[in-house]
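Everything on this sheet refers to the single structure shown next.
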Amino acid sequence: MRAEPVMGVAGRGSGMTAVVIVGAGPTGLMLACELRTAGVETVVLESLAEPSGQSRALALHARSAEVLDQRGLLEPFLEEGVVWPNGHYAGLPLDMNRLDGRHKYTLHLPQSRVEALLEKAAVELGADIRRGHEVTGFVQSDEGIEVTVRTEQGEHRLSCGYLVGCDGSRSVVRGHAGIGFPGTPSSLWGVLADVDAFDAPVAAREAIITERGWFSLIPLNDKLTRLMFIQDEPPEGDIENLTSDRLRTMVHHMTGLDLEIGRPHWSSRFGDASRLAERYREGRVLLAGDAAHIHFPLAAQGMNTGIQDAANLGWKLAATVNGWAPPGLLDTYHAERHPVGDFVCTNVRAQITLTFPVDRMAPARQLLSRLLEFDDVHDYLAGRMSGTDVRYPTADTEPDEYLGRRLPDAVVSTTDGETTVLGALRRGRGVLLDLSRRADLSAAGAWAGRVDVVHAEPVAELPPEAFLLRPDGHVVWRGATGGNALTDALHAWFGSAAVRSAETAAGA
């Protein structure tokens, strides 16, 4: 665990940008929102001059919805998306209504719209998003990083305190940082195609699995429908320019169905290569999203894991830039998220193994279908797929239902009126939520500006205790009374009480 340099507030007046993010996908834009919520100067560099409009991922899972909600960003996503009560595991349905908390669903929304809404939020929060800016390299020193950027006007250099690679599977940042990306090559292939919406005698959002492969039909909106094919042989011919006739033939070959396919707008091929970065940090360089982990694009696990990477990294990087991070805080990003990335890659490979080859795996799928009738099995897989069961290690050795996990959302009543657990996190600070009516939490006053104390009436969904939440909503202390354990947790996660945060110094 290393001590972090104290940079002061966002490098203001130094000619150095506090944080540069490379890549304006969902991960990079979510990270920009997190950093700007904490007042950190943030520049996002994106090589594309305009958004591609293409959407590989199509869904936000429950934990990603919570991440957006805890910053007050969720409402536009709900307005545009389709709330769906189910998810799936290897194509077998999961009932998301069994989850705890208030967001018991899968939100179907194309990645292009997720990016557009996150970009709007990031800009409103003050992020500087520069399109048509391609990062070609960088030089790192103890004092900062000098990034080389290419635009239509030529090449220039940009100095920053920290550089975060959110630039996808072919990450330039990861490559120049010398971070290995080991894994397995593709042995399974798929095709995505977005076509004009059409009426089809096929259950939307449900997989059709035959001996020839996997086919899904997913309405994106009232104008577009997504077709997805998965098979264990590489697709032949030009996949980037598929015609309606070719798609009709592919559907018939895989399912035996004759569908009147709408006009194609976009198509692409993909494989099941699985890779995980050896480390998520190299000095002042960090990785998140597809730059850190790739796998078969199944159930939008990649986009959601990236958004949740950003939620974990954002407040820690902001605390480091703003000068109050305790020693080793930024290192906990790798310690906590690398195992999650590893599990997601393994989990996706397991689902593929349970599906292909279809004829040989049919008995295993029948058995899994039966196992999903058991509550414990169903709840475990729903929690893993939704991201709601992620637990980070804590200093406590005794097993605990809440420590290390996110606190399930619930409506709570305070002296200022009703709010929610997630609503209490809107300012991007830690929260000491008191549901006990009796805990002595006066020690938290020394961390004002970094931790908000919220007194609320007890609720049926949670124990009548106090909970110390990190800015990402994960519990690091719980109890019916304050004391040394609370003070220790405040020190461990929110730094020394003797160091005032930038917000406190500014009179916030």
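For the chain, the 222 nm mean residue ellipticity estimated from helices alone, with every DSSP H stretch of n ≥ 4 adding -39500 (n - 2.57) and the total spread over all residues, rounds to -9000 deg cm²/dmol.
Residue farthest toward the positive end of the dipole of the chain, with Cβ of Lys/Arg at +1 and Asp/Glu at -1: which of T136, M96, G28? The listed residue farthest towards the positive side: T136.
Rg and Dmax of region 269-310, both derived from C-alpha coordinates alone, stand at 11.1, 35 Å.
Charge tally around E401: other residues with Cβ under 13 Å, Lys/Arg +1 each, Asp/Glu -1 each, net -3.
How high is the relative contact order of region 342-436, in percent, counting Cα pairs under 8 Å that sit 6 or more residues apart?
Value for region 342-436: 11 percent.
Ignoring the sites themselves, the chain has its longest run without GluC sites (Glu not before Pro) in a DSSP loop having at most 10 other Cβ atoms within 10 Å at 1-151.
Taking the longest Cα principal axis of the chain as reference, the axis of helix 375-386 is set at about 80 degrees.
Under 5 Å between amide hydrogens, built in the peptide plane, is the criterion, and for Y89 it picks out L94 among residues at least 5 positions away or on other chains.
If we sort 219-228, 472-481 on the protection proxy, mean other Cβ atoms within 10 Å, highest first, what's the order?
Peptide ranking by packing, descending: 472-481, 219-228.
Overall, the chain carries a charge dipole of about 640 debye about its Cα centre when +1 sits on the Cβ of Lys and Arg and -1 on the Cβ of Asp and Glu, all other atoms neutral. Within the shell of other residues whose beta carbon sits under 12 angstrom from the beta carbon of D194, the net charge comes to +3, with Lys and Arg scored +1 and Asp and Glu -1.
Distances between placed amide hydrogens fall under 5 Å for G479 paired with A466, all partners being 5 or more residues away or on another chain.
Size check on region 411-505: the Cα extents along the three principal axes, sorted descending, read 37, 26, 22 Å. Ratio of Rg to Rh for region 301-454: 1.06 [Cα atoms; Kirkwood radius as inverse mean 1/r over pairs]. Give me the percent of Cα-Cα pairs in region 96-232 that sit more than 24 Å apart, rounded to a whole number. In whole percent, the long-distance tail amounts to 59. Subtracting the Cα-Cα distance of N97 and Q54 from their residue separation scaled by 0.36 nm leaves 12.5 nm. Principal-axis analysis of the Cα atoms of the chain puts helix 301-321 at an angle of about 20° to the longest axis. Per-residue Karplus couplings for region 210-216, computed as 6.51 cos²θ - 1.76 cosθ + 1.60 with θ equal to phi - 60°, are listed in order as 10, 5, 9, x, 10, 10, 9 Hz, Gly and Pro entered as x. In region 259-356, a dipole from Cβ-located charges (positive for Lys and Arg, negative for Asp and Glu) runs towards its positive end, and of G289, W266, G302 it is W266 whose Cα lies farthest in that direction. For the chain, take the longest principal axis of its alpha carbons; what is the angle in degrees between that and the long axis of helix 331-353, to the nearest 10 within 0 to 90? Taking the Cα atoms of the chain, the angle to 331-353 is about 20 degrees.
For the chain, the Cα gyration tensor yields ellipsoid semi-axes of 39, 29, 20 Å (square root of five times each eigenvalue, largest first, whole Å). When the charge dipole of the chain is built from unit charges on Cβ atoms (+1 for Lys and Arg, -1 for Asp and Glu) and taken about the Cα centre, the candidate among A18, M250, A207 whose Cα reaches farthest toward its positive end is A18. About its Cα centre, the dipole of region 411-505 is roughly 260 debye, where the only charges are +1 on Lys and Arg Cβ and -1 on Asp and Glu Cβ.
Whole-percent P(r), region 176-248, all Cα pairs, 10 Å bins from 0: 16, 42, 25, 13, 4, 0.
Read the figures in this text as sums done on the coordinates, not as results from a lab. If you're wondering where the values come from, they're calculated on a predicted model, not measured in any experiment. Glycine also receives a Cβ, built like all others from the backbone with ideal geometry; neighbour counts cover every protein chain displayed.
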